Structure formats: structure tokens, C-alpha cells
């Protein structure tokens, strides 16, 4: 007689870990891009000296006019379209070279211009957006005090706020930027990996052979396990 023995006590946890790892690998073949993006979100690489020429042209402009210049100079594109990853925080140099980007690239250009022109601003971060706020800035559905979770003032003081976000709008924004513009090849690769990972735990080479009992089964004392051929499937 054979009795149950859990050869893989943490199999479910291991499968989950492998699937999460596969997800991260497909999204970020080079994990450095994710790590550096998180660091730059906390400390945006604003570079006033790199926009000094633009600043001279905008010296007598209002912040609203400067912001409109940024929108014109930096047409909106999703990170998938520009950097081939779902979320990436570029340097200002990268953003200027690409000449396109999302809110992060626009924030860097606008904040750099504001600092070069010595105009105070505040960094605001919401669930799906980052922007520079300034005195007299018009409020919008995307950029308003209710959406903001983190505020960093012109002196670098950080404060956390209690947001009241529009969750439906945030979800639409996330779905569009993450899923709908994701390259089809990445989608196929992502879903192909999950069944492969799950099946790894049921393939013949993971099953002991040469007369050893199958995973989950050990012989009761005094009895001999039945020998099975090499690469035999697990007992049911």
C-alpha cells in the first residue's frame, strides 16, 4: 500500500513566483529600466542647463504659455511606443532626443524650463499621472488637487495627501497605456509562458524513476515500491 507524501509542499507558491517573474521578464527584459524609473519618479532628473536655449526664447512668457510650448515640443506618446516597455521614466536628454513622450517626459521638460526661468512650481503625482503645478494653473479632470497623492513643493518638501481620484478614468488610462498599445508579440509571449510554467511540474523529467516512488507517494514500512520505467508519468 502507498500513502500520500507531499513532495512539493510549496508548489502553488513556487508557480506563482515563477509566473510573476515571467510577467516582469516579458514586460522588462532589462529590469534596470524598471528600477531606474522608480528612482527617477522619486527624484526626477530635472536639468535646467539643458534647456537654456529654449528658456531664452520663453523668457517673457507666462507659465501657461510655457506649458503650451512643452505640449507642442513634446507630442504625447505612450512608453510602449517610444521605449518598448509599459512604463519608463526617461532622462531629459532621452526625452529631447525622442522628441515625444508621455507625462513624465513633458514634466521633465516643463520643470527644467521653470527652474531655468526661476519660476516656482510643485511636483504632483497621482495614480496614473505626474505634472508640475504652479500659481494660476487651470485645473482639469486629470490635473487637480483631488487627484494628487504626492506633492513636492519648490523647496523639496514632500507631503502626502488624501486623493479622491476618478477611479473609472484612472482605469481607462491604465488599460489604454498598458494593454491596448502593448505590441501583439508581447501579449502572445506573456500568455504563452503561463501554461508552460504550470506544466513544468507535471513533465516526466521531474518525476523520479529507477524504481523510486512517484512524487507524493512513498511506500509504507515493510513494502517495496513498484518499479516504473524511465520517464514514466506520475501515478494517478
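The values are calculated or read from the model by the stated rules, or taken from the named source; none is laboratory data. Predicted model only: the values in this text are computed from it and were never measured. Here the Cβ positions follow ideal geometry from the backbone for every residue, glycine too, while neighbour counts run over all protein chains shown.
General observations
- Test for residue 95: is it part of a helix (DSSP H, G or I) and without any contact (Cβ under 8 Å) to a residue 40 or more places away in the chain: yes
- Residue 120 vs. criteria touching a residue at least 60 places away in the same chain (Cβ under 8 Å) and assigned to a loop (DSSP other than H, G, I, E, B): no
- Residue match in segment 9-22 (condition: touching a residue at least 40 places away in the same chain (Cβ under 8 Å) and in contact with a strand residue (DSSP E or B) (Cβ under 7 Å, 6 or more places away or on another chain)): no
- Whichever residue in segment 124-159 is under 20 Å from the mean Cα position of the chain (by Cα) and closer than 21 Å to residue 54 by Cβ and, among such residues, is surrounded by the most Cβ atoms within 10 Å (Cβ to Cβ): 131
- Whichever residue in segment 1-36 is loosely packed, with under 11 Cβ neighbours inside 10 Å, under 18 Å from the mean Cα position of the chain (by Cα) and assigned to a helix (DSSP H, G or I) and, among such residues, is modelled with the lowest pLDDT: 20
- Applying the criterion of being in contact (Cβ under 8 Å) with a residue 24 or more places away in the chain and over 21 Å from residue 44 (Cβ atoms) to the residues of segment 177-190, the residue that is surrounded by the fewest Cβ atoms within 10 Å (Cβ to Cβ) is 183.
- Within segment 154-166, tally of residues that are over 30 Å from residue 117 (Cβ atoms) and free of Cβ contacts under 8 Å to residues at least 12 places away in the same chain: 1
- Flag if residue 39 is surrounded by fewer than 16 Cβ atoms within 10 Å (Cβ to Cβ), within 30 Å of residue 187 (Cβ to Cβ) and at pLDDT 90 or above: yes
- Test: residue in segment 99-112 that is assigned to a loop (DSSP other than H, G, I, E, B) and crowded, with 22+ Cβ neighbours inside 10 Å: yes
- In segment 65-86, residue surrounded by the fewest Cβ atoms within 10 Å (Cβ to Cβ) [restricted to those that are in contact (Cβ under 8 Å) with a residue 60 or more places away in the chain and within 13 Å of the chain's Cα centre (by Cα)]: 84
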